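S.K.: I'd like to ask you about the structure that follows.
The values are calculated or read from the model by the stated rules, or taken from the named source; none is laboratory data. Please read all numbers here as calculations on a predicted model, not as lab measurements. Methodologically, a virtual Cβ is constructed for each residue, glycine included, from the backbone with ideal geometry; neighbour enumeration extends over all protein chains shown. When the accessible area is computed, the model is the full protein with side chains, heavy atoms only, and any ligands, DNA or RNA have been set aside. Shrake-Rupley method; radii C 1.70, N 1.55, O 1.52, S 1.80 Å.
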Amino acid sequence: MKIIVRPDLCCAAQLCILAAPDVFRLDELGYNDSDGDEVPAGKEEEAQKGAAACPEAAVRFETT
């Protein structure tokens, strides 16, 4: 499962990483910098929770 982040929607609320610290990473300004990363095996549920926490719905997933 690949992480897709819409940078135009990300508002740097950082709720994704609070909900799923083992899945997402942030850049130096606090924006989600995980676009294109693979969700680690066994972390799919955590990833979904992190995406659901995003107030701007900037995160989705693509099945690989």
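S.K.: Would you kindly derive the ³J(HN,Hα) couplings of the range 22-36 from the backbone phi angles with the Karplus curve 6.51 cos²θ - 1.76 cosθ + 1.60 (θ = phi - 60°), listing them in order in whole Hz, with x for Gly and Pro?
M.R.: 8, 10, 9, 9, 10, 7, 5, 9, x, 8, 5, 10, 9, 4, x
S.K.: So what is the accessible area of the range 1-45 per residue, in Å², with the probe set to 1.4 Å?
M.R.: Working: 2710 Å² over 45 residues.
Value for the range 1-45: 60 Å² per residue.
S.K.: Over the chain, what is the relative contact order in percent, taking alpha-carbon pairs closer than 8 angstrom and at least six residues apart? Kindly include the intermediate steps, with their values, before the conclusion.
M.R.: Values: 118 pairs, mean separation 31.8, N = 64.
RCO, the chain: 50 percent.
S.K.: Please work out how much length the chain gains when fully extended from Glu38 to Gln14, using 0.36 nm per residue of separation minus the C-alpha to C-alpha distance, in nm with one decimal. Intermediate values should be presented prior to the final figure.
M.R.: Working: separation 24, 0.36 × 24 = 8.64 nm, distance 1.89 nm.
Contour length minus the Cα-Cα distance gives 6.7 nm.
S.K.: If you don't mind, there's one more thing I want to ask. For helix 44-53, report the angle its Cα long axis makes with the longest principal axis of the Cα atoms of the chain; keep it between 0 and 90° and round to the nearest 10°.
M.R.: Roughly 20 degrees, rounded to the nearest 10.
S.K.: In addition: Can you tell which of Ala51, Gly36, Cys10 lies farthest toward the positive end of the dipole of the chain, using +1 and -1 charges on the Cβ of basic and acidic side chains (Lys, Arg; Asp, Glu)?
M.R.: Ala51
S.K.: Roughly how big is the chain's charge dipole about its Cα centre, with Cβ charges of +1 (Lys, Arg) and -1 (Asp, Glu), in debye to the nearest 20?
M.R.: Charge dipole, the chain, about its Cα centre: 160 debye, nearest 20.
S.K.: Mean projection of the alpha-carbon convex hull of the chain over all orientations, in nm²?
M.R.: Working: hull surface 14.6 nm².
That works out to 3.6 nm².
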